[in-house]
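The values are calculated or read from the model by the stated rules, or taken from the named source; none is laboratory data. Please read all numbers here as calculations on a predicted model, not as lab measurements. All Cβ positions, even for glycine, are placed from backbone atoms using ideal geometry, and neighbour counts span all protein chains on display.
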Amino acid sequence: MKKYDAVVIGAGNGGLVAAIRLLQGGAKTLLVEKHNLPGGFATSFRRGRFEFEASLHELNDFGTADNAGDVRDLFDELGVTEKIDWLEIPEAYRVIARAEKLDATMPFGVSAFIDKMEKYVPGSRPSVTKFFALAEEIRLAQAYSSSVNGKTDPKYMVEHYGNFVRCGSYSVNEVLSALKMPKKAKDILNAYWCYLGAHCDDLSFLHYASMVNRYILRGASMPKMRSHEISLALTERVRELGGDILFNTEAVKISTDREGGVAGVTLGDGTEIITRHVVANCAPHVVFGRMMDKAPEAEIRATNARKFAGRGFSMFLGLDASAEELGVENHNYFLYDTMDTAAQYEKMRTIKENEVQATVCLNRAYPECSPKGTCMMYFTTLYMSDDWGNIKPEEYYKTKNYVADKMIARFERDTGAKLRGHIEEISIAAPMTYARYCGHPEGVIYGYESQYWDGLMPRLQMMGEDHKVRGLRFAGGYAMRLSGYSSAYFSGDISGRQTVGDIKKEG
């Protein structure tokens, strides 16, 4: 039997950051990971002469040394920024929607974004300018909330961030309508909605505005050697700080004491780890449903009340021609049937109706990412129900090919690019792939869906009340910051620092 101040379960983005924060706080820490590599979704893989990015399209709020975002500031504090070779993404996105006959390419930079929007939608400048001013106030209010671990002073919030408080309970579309934003401008601005996996009639304005502002204000970045470069840098930092890491090791049980608090962790080989603190970088459904014999009824009720967000499907293409030769003009595409996000969300429930895709050509940001005369593309969509669970085993490969064929046809038709005849390598990840690789229920890649009662701000403000099992905290896409790369890093930061505080209080 071994003893640690804290055990981190899962070496995904959130777990890696939590482990570093624990070690920086003086805690003897063990990180256990069931796979042979760190990172979870933050990884890469090779097929033939191509190294594909598994999930990251672009990392927001990183910025540059002279215009640093919150993610860069966090990485500086963790001691990993200089371990990674970064590149900047050239433009924000290109959005194409069939119903509205919309085709718009938007830049990074608030002023440039507003100017471009005014060209597409004359008269939109005042409302879009107000949007970014409000979004910046939201960012500052969130920074204040994080600095006090969610224990905000209501009077201070009202005095300094009054508009943040005023729009706190409204959806994206409700606030944009209040700003009198023209419909076409709203459609263009709402292109990022699928990155959060909830439609704009239901999605918290605070959450969406914060994300859009962080993208447009400082641009987006990408490690040259894919997201796995981040994972390896964080892993190296854990070891530099004296942390222990066990790969190929699954944590199968969290044991509790008489009061229901954490008492230890059992590994797959039967090894017992004594600890009073666990940071779980995995789904509460997995922890309370499989790893703990007893859990507070309130935790089980809250977990069962939450709604799974999007299930992932990705296609990776290695092409034997350059992006220029193929007619692939942009780095990041959003292809929609309609910019009515609620209607589009409904169509994404089924395999038959879903034709949405977010598509990236990394060569447009980093031409040398693949051999000369070639390019790589990643196609991703979400399913808002477990429709893949209805597929019979004998129909699985046929269904994957059906969706992949639809994706290629959609991209060629909407953009004019010609991909067929140039596909050298193809790899497909369905929800079953994600479920098998990371153990996420139903192949969910976005954690729990952001809803009014369970969105970003309620989660942050209820961190104290949500902490019902002594010694157990969560990190990653299912935690208080919800889904996304930067959100996962911040959740690990918060949970790691909170656990250090818990340990110090215990003496």
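Of all the residues in the stretch 15-42, those that are surrounded by fewer than 23 Cβ atoms within 10 Å (Cβ to Cβ) and of a type in the set (S, T, N, Q) number 2. Within the stretch 319-332, at least one residue is part of a loop (DSSP other than H, G, I, E, B), free of Cβ contacts under 8 Å to residues at least 60 places away in the same chain and either among the charged types (D, E, K, R) or farther than 27 Å from LYS183 by Cα (or both).
Residues that are over 25 Å from ASP454 (Cα atoms) and assigned to a loop (DSSP other than H, G, I, E, B) do not occur anywhere in the stretch 196-207. Each residue in the stretch 98-142 was checked for being of a type in the set (Asp, Glu) and touching a residue at least 40 places away in the same chain (Cβ under 8 Å), and 2 pass. Entry remark, the stretch 357-387: residues being within 18 Å of the chain's Cα centre (by Cα) and either of a type in the set (Lys, Arg) or in a loop (DSSP other than H, G, I, E, B) (or both) number 1 in total.
Considering only residues that are touching a Lys or Arg at 6+ places or on another chain (Cβ under 9 Å) and either closer than 10 Å to ALA19 by Cβ or not in a helix (DSSP H, G or I) (or both), which ones fall in the stretch 235-251?
Narrowing the stretch 235-251 to residues touching a Lys or Arg at 6+ places or on another chain (Cβ under 9 Å): 236-237, 242-245, 247-251.
Of everything in the stretch 235-251, those that are touching a Lys or Arg at 6+ places or on another chain (Cβ under 9 Å) and either closer than 10 Å to ALA19 by Cβ or not in a helix (DSSP H, G or I) (or both) turn out to be ARG237, GLY242, GLY243, ASP244, ILE245, PHE247, ASN248, THR249, GLU250, ALA251.
Of the residues that sit in the stretch 291-310 and are part of a helix (DSSP H, G or I) and either in contact with a helix residue (DSSP H, G or I) (Cβ under 7 Å, 6 or more places away or on another chain) or among the β-branched types (Val, Ile, Thr) (or both), which one is surrounded by the fewest Cβ atoms within 10 Å (Cβ to Cβ)?
First, pick out the residues of the stretch 291-310 that are part of a helix (DSSP H, G or I): 291, 297-305.
Then keep just the ones that are either in contact with a helix residue (DSSP H, G or I) (Cβ under 7 Å, 6 or more places away or on another chain) or among the β-branched types (Val, Ile, Thr) (or both); that gives 299-300, 303.
On the way: GLU299: 18, ILE300: 16, THR303: 18.
Looking at the filtered set, the residue picked out is ILE300.
Any chance the stretch 87-100 includes a residue that's closer than 30 Å to ARG21 by Cα, under 24 Å from the mean Cα position of the chain (by Cα) and of a type in the set (D, E, K, R)? Even if it seems obvious, please write down each step before you answer.
Taking the stretch 87-100 and keeping what is closer than 30 Å to ARG21 by Cα, we get 87-89.
From what is left, the residues that are under 24 Å from the mean Cα position of the chain (by Cα) are 87-89.
From the residues that got through so far, the ones that are of a type in the set (D, E, K, R) too are 88.
Yes, the conditions are met somewhere in the stretch 87-100.
Evaluating SER177 against the criteria (1) at pLDDT 95 or above; (2) under 22 Å from the mean Cα position of the chain (by Cα) leaves one unmet condition, (2).
With respect to ARG94, is the statement that it is surrounded by fewer than 23 Cβ atoms within 10 Å (Cβ to Cβ) and in a strand (DSSP E or B) true?
Working: surrounded by fewer than 23 Cβ atoms within 10 Å (Cβ to Cβ): yes; in a strand (DSSP E or B): yes.
Considered against the rule, which asks whether it is surrounded by fewer than 23 Cβ atoms within 10 Å (Cβ to Cβ) and in a strand (DSSP E or B), ARG94 comes out as yes.
Count of the stretch 279-318 residues, restricted to those that are under 22 Å from the mean Cα position of the chain (by Cα) and over 30 Å from ILE408 (Cβ atoms), is 15.
Would you pick out the residues in the stretch 427-444 that are aliphatic (A, V, I, L, M) and touching a helix residue (DSSP H, G or I) at 6+ places or on another chain (Cβ under 7 Å)?
First, the residues of the stretch 427-444 that are aliphatic (A, V, I, L, M): 428-430, 432, 435, 444.
Matches in the stretch 427-444: ILE428, ALA430, MET432, ALA435.
Looking only at the stretch 266-290, residues that are without any contact (Cβ under 8 Å) to a residue 24 or more places away in the chain and part of a strand (DSSP E or B) come to 1 in all. For the criterion of being touching an Asp or Glu at 6+ places or on another chain (Cβ under 6 Å) and either surrounded by 15 or more Cβ atoms within 10 Å (Cβ to Cβ) or more than 26 Å from LYS224 (Cβ to Cβ) (or both), LEU362 fails.
Considering each residue of the stretch 86-99, count those that are of a type outside the set (A, V, I, L, M, F, W, C) and touching a helix residue (DSSP H, G or I) at 6+ places or on another chain (Cβ under 7 Å), and give that number. The qualifying residues number 2.
Surrounded by fewer than 24 Cβ atoms within 10 Å (Cβ to Cβ), within 17 Å of the chain's Cα centre (by Cα) and in a helix (DSSP H, G or I): is that true of ASP493 in this structure? Spell out the reasoning first.
Numbers: surrounded by fewer than 24 Cβ atoms within 10 Å (Cβ to Cβ): yes; within 17 Å of the chain's Cα centre (by Cα): yes; in a helix (DSSP H, G or I): yes.
So ASP493 fits the description; yes.
Looking only at residues in the stretch 373-401 that are out of contact with any Ser or Thr (no Cβ under 8 Å at 6 or more places or on another chain) and more than 25 Å from TYR446 (Cα to Cα), the one that is surrounded by the fewest Cβ atoms within 10 Å (Cβ to Cβ) is GLU394. Here ARG139 passes the criteria (1) in a helix (DSSP H, G or I); (2) surrounded by fewer than 17 Cβ atoms within 10 Å (Cβ to Cβ); (3) among the basic types (Lys, Arg) except the one numbered (2). Scanning the stretch 163-185 for residues that are surrounded by fewer than 18 Cβ atoms within 10 Å (Cβ to Cβ), of a type in the set (S, T, N, Q) and in a helix (DSSP H, G or I) returns ASN163, SER177.
Please tell me if ALA479 is outside any helix (DSSP H, G or I), under 29 Å from CYS200 (Cα atoms) and among the hydrophobic types (A, V, I, L, M, F, W, C). Judged against the criteria, ALA479 is a match. Looking at (1) in contact with a Pro (Cβ under 7 Å, 6 or more places away or on another chain); (2) of a type in the set (Gly, Ala, Ser); (3) assigned to a helix (DSSP H, G or I), which one does ALA112 not meet, given that it meets all the others? Checking ALA112 against (1) in contact with a Pro (Cβ under 7 Å, 6 or more places away or on another chain); (2) of a type in the set (Gly, Ala, Ser); (3) assigned to a helix (DSSP H, G or I), the one that fails is (1). Scanning the stretch 217-237 for residues that are of a type in the set (A, V, I, L, M) and either crowded, with 24+ Cβ neighbours inside 10 Å or touching an Asp or Glu at 6+ places or on another chain (Cβ under 8 Å) (or both) yields LEU217, ALA220, MET222, MET225, ILE230, LEU234. Residues in the stretch 342-370 that are touching a residue at least 40 places away in the same chain (Cβ under 8 Å), farther than 22 Å from ASP187 by Cα and in contact with a strand residue (DSSP E or B) (Cβ under 8 Å, 6 or more places away or on another chain): ILE351, LEU362, ASN363, ALA365, TYR366, CYS369, SER370.
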